[in-house]
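For reference, the structure is listed below as structure tokens.
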Amino acid sequence: MELTILLSKVFGIYFVAMGLFLVLHRGMFKTVVSAFAEAPALRFMMGIIMFISGVFLIVSHQDWSSFASGFISFLGWAVAVKALLYMNLSNNGVKRWTGWFKVGGAYGLAAGLLYVALGLYLTNFGFAWY
């Protein structure tokens, strides 16, 4: 449970920060995602880092007893799978995949607010703010 609390604090703060960034700077985020699709070397290196991080989470945190702990365990699997996709998809495959997410419009706003909500939940869980 101590690991779940630590990871809730870390991921909670990250989700709040990224959610606010996505809400406030949707246009810039769209530019970054588009440029990422054109950089296979960067994608591969990020894939390696993400895969190691995801496997670390998978190995160290397999606790599905509460929503917060289950969500953190799910993140480990999601990060590992996403890393494998980054390392193996072609430029066109990544463009099609990232094209499904319309970051600049209402989807970006909704995704950003969802990130903030999940971040606040995890932060509350980790720091025990009631």
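Roughly what % of Cα-Cα distances in the range 36-130 sit above 22 Å, to the whole percent?
45 percent
Taking only complete DSSP H runs, can you tell me which helices of the chain stretch 24 Å or more along their own long axis by Cα positions and average at least 0.0 on the Kyte-Doolittle scale?
2-24, 40-60, 67-88, 106-127
Straight-line reach from Lys95: which lysines fall under 26 Å, measuring Cα to Cα and dropping same-chain residues less than 8 apart?
By straight Cα distance, Lys95 reaches Lys30, Lys82.
Run the numbers on the chain and let me know its relative contact order in percent, using alpha-carbon pairs under 8 Å that are six or more apart.
49 percent.
Between the DSSP loop rule and a limit of at most 13 other Cβ atoms within 10 Å, which chymotrypsin sites (Phe, Trp or Tyr not before Pro) in the range 41-78 are left?
Answer by residue number: Trp64.
FYI, it's all coordinate maths here, none of it is from the lab. In this text the structure is predicted, and so the values were computed from the model without any measurement. Methodologically, a virtual Cβ is constructed for each residue, glycine included, from the backbone with ideal geometry; neighbour enumeration extends over all protein chains shown.
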